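Worksheet for the structure shown next.
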Amino acid sequence: MKARGLKKDKVNIVTLGCSKNLVDSEVMLTQLKGNDIDTTHESKKDDANVIIVNTCGFIDNAKQESVETILRYADAKEDGVIDKLYVTGCLSQRYKDDLEEEIPQVDAFFGTMELPALLKKFKADYKQELVGERITTTSNHYAYMKISEGCDRPCSFCAIPLMRGKHVSRPIEELVTEAKNLARNGTKELLLIAQDSTYYGLDLYKERKLADLLRSLSDVDGIEWIRLHYAFPTGFPMDALQVMAERDNICSYLDIPLQHGSSKVLKLMRRGTTREKTEALIKQIREQVPGIAIRTTLIAGHPGETEEDFQEMLQFVEDMRFDRLGVFTYSHEENTHAHSMEDDVPEEVKQERANHVMEVQEQISYEINQGKVGQTLKVLIDRKEGGNFIGRTEFDSPEVDNEVIIDATKHYLRIGDFAHIKIDDATEFDLYGSPVHN
Ligand code: SF4
């Protein structure tokens, strides 16, 4: 990587963490390029002389990965391979003072809301006229759309409000403009993301406006799939479900992290709900949007979780039969409410419980997938890998959910196109099929 001493800076952005961080990197990329600064994202060419690391500070593993990435580039700077190293994102927001002391090779650390200051390092200005214009780094046919920033919820285990601040909704007009620009550039699938998407509008419009937002985005020409992520169970805007049921281009899909299945632990987590209320909500969602695929996320090993509580969560997973499920082990995060409790579940027990939940879910997922054999499903083709085309149904979000595998030695499909695929076989987490030509 011999990039040092280039006449004109060449910048490479490295993104860690979640899709919300990826959108921040895309906004950064757009602003730097908008200022005529030669910028790439996750370039493998190693020809950049300036590196920007957009970090994640969520839980232990993510923090460790962020620190290791910074140190790798700090070494590259010491070895004279790069000129400048800047760090931004959640880890930088949360631990700026410590990081400045521990890794002095970094030229500057920025918080999550400090893009204008970062741009100043390149003698560049934040261009307001570029708001709503975003260069995406995902496959051309799908894009993440961050509908709000921050979170007002008091969840015991979560450090995100410490890094992302209070909930701030983006205006519907601005999001519609962004959707139109994305559609013009080839986006067919919009993935709506936030810390808490169901809170949308309460700050800006003093009422929940998710249903209105969904309707407005659904009216944008060229957008064929809209997918809702990061819903919160309490105060759920039921009118949003009606729009989901009415509009063909809103996926019958909902990502709603529920975190636990025991009312006692939900109380310890300060989630503002109970197992009974959660079950009633899931039942209503399934009634209002028949056939909807529900994804959830759970945490194993929260302080105070007993074996009995855990057995209750297992029973909850068996009873609810979620279509998609992910599970984290509890991470003892300083300055969160739960940090004042004793982290009393041993690490190996946390991991055993998480593994047990996934074993139960694997069987459920297998059974649900078997039910799809023989069906013909609309599939968005994402990529070609080895001898197969890989796609997703409306029930699957990129990178986290199931995929549809089509033999590319027998069939030709175009990446970014929708195809109707007859499902011939299924495993726990994948479907196999062949195109149906009408
Ligand atoms: S809603 Fe999500 S982001 Fe907000 S505090 Fe709870 S877990 Fe954290």
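A few comments on the model shown:
- Signed unit charges on C-beta, dipole axis of the stretch 111-206, positive-most listed residue 201, 158, 137: 137
- Computed from the Kirkwood radius of its Cα pairs, the Stokes-Einstein diffusion coefficient for the stretch 136-283 at 4 °C and 1.567 mPa s stands at 81 µm²/s.
- Calculated on C-alpha atoms, the gyration radius of the chain divided by its Kirkwood radius gives an Rg/Rh of 0.96.
- Of all the options 28, 145, 358, the one that moves most in a Gaussian network model of the chain with Cα springs shorter than 10 angstrom is 358.
- Calculated log₁₀ intensity ratio I(q)/I(0) where the Debye formula runs over C-alpha points of the stretch 215-338, q = 0.13 Å⁻¹: -0.57
- Global geometry of the stretch 94-213, whether rounded, prolate or oblate, following the gyration tensor of its Cα atoms and the 1.5 cut on a/c: oblate
- Within the shell of other residues whose beta carbon sits under 15 angstrom from the beta carbon of residue 304, the net charge comes to -2, with Lys and Arg scored +1 and Asp and Glu -1.
- Pairwise centroid distance, computed over Cα atoms, of the stretch 65-129 with the stretch 310-325, Å: 41
- Projected label points at residue 216 and residue 351, each 7 Å from Cα along the beta carbon direction, are separated by 4.7 nanometres.
- Loop-located GluC sites (Glu not before Pro) across the stretch 305-395 with a Cβ neighbour count of 10 or fewer within 10 Å are 334, 342, with loop assigned by DSSP.
- In terms of its C-alpha gyration tensor, the stretch 130-188 comes out prolate, because a/c is 1.5 or above and the ratio a/b outweighs b/c.
- The loop-placed trypsin sites (Lys or Arg not before Pro) in the stretch 95-188, going by DSSP, that have at most 16 neighbouring Cβ atoms within 10 Å of their Cβ come out as 121, 123, 127, 166.
- For the chain, the Cys residues with no second cysteine's beta carbon closer than 4.7 Å are 18, 56, 90, 151, 251.
- Net charge contributed by nearby residues that have their C-beta within less than 15 Å of residue 131 (K/R +1, D/E -1): -3
- Note on residue 343 and residue 417: the extension gain reaches 21.8 nm, defined as 0.36 nm multiplied by sequence separation minus the Cα-Cα distance.
- Ranking 187, 266, 214 by Cα position along the charge dipole of the stretch 175-271, where only Lys, Arg, Asp and Glu carry charges on their C-beta atoms, puts 266 farthest toward the positive end.
- Computed lengthening from residue 173 to residue 238, 0.36 nm per intervening residue step minus Cα-Cα distance: 21.2 nm
- Overall, the stretch 317-438 carries a charge dipole of about 1060 debye about its Cα centre when +1 sits on the Cβ of Lys and Arg and -1 on the Cβ of Asp and Glu, all other atoms neutral.
- Under 10 Å, Cβ to Cβ, from residue 402 - net charge with Lys/Arg +1 and Asp/Glu -1: -3
- Across the stretch 369-374, rounded Karplus estimates of 3J(HN,Hα) from the backbone phi angles (6.51 cos²θ - 1.76 cosθ + 1.60, θ = phi - 60°) give 5, 4, x, 8, 5, x Hz, Gly and Pro being marked x.
- Lys, Arg +1 and Asp, Glu -1 on Cβ, resulting dipole of the chain about Cα centre, debye, nearest 20: 1600
- Positive end of the dipole of the stretch 302-390 (Cβ unit charges, origin at the Cα centre): among 314, 339, 304, the Cα lying farthest that way belongs to 314.
- Charged-residue dipole, Cβ positions (Lys, Arg, Asp, Glu), the stretch 54-203 about Cα centre, Debye nearest 20: 580
- If the chain linking residue 359 and residue 65 were pulled fully straight, counting 0.36 nm for each residue of separation and taking away their Cα-Cα distance, it would gain 103.2 nm.
- The stretch 187-326 - accessible surface per residue (Å², probe 1.4 Å): 35
- Inter-centroid distance (Cα atoms) of the stretch 413-438 relative to the stretch 146-203, Å: 31
- Antiparallel bridges, percent of DSSP beta bridges restricted to the chain (to nearest 5): 35
The values are calculated or read from the model by the stated rules, or taken from the named source; none is laboratory data. Please read these numbers as outputs of a predicted model, since none were measured by experiment. Positions of Cβ are generated from backbone atoms using ideal geometry, with glycine treated the same way; all protein chains shown enter the neighbour counts. Ligands, DNA and RNA are excluded from the accessible area calculation, which covers all protein heavy atoms including side chains. Shrake-Rupley method; radii C 1.70, N 1.55, O 1.52, S 1.80 Å.
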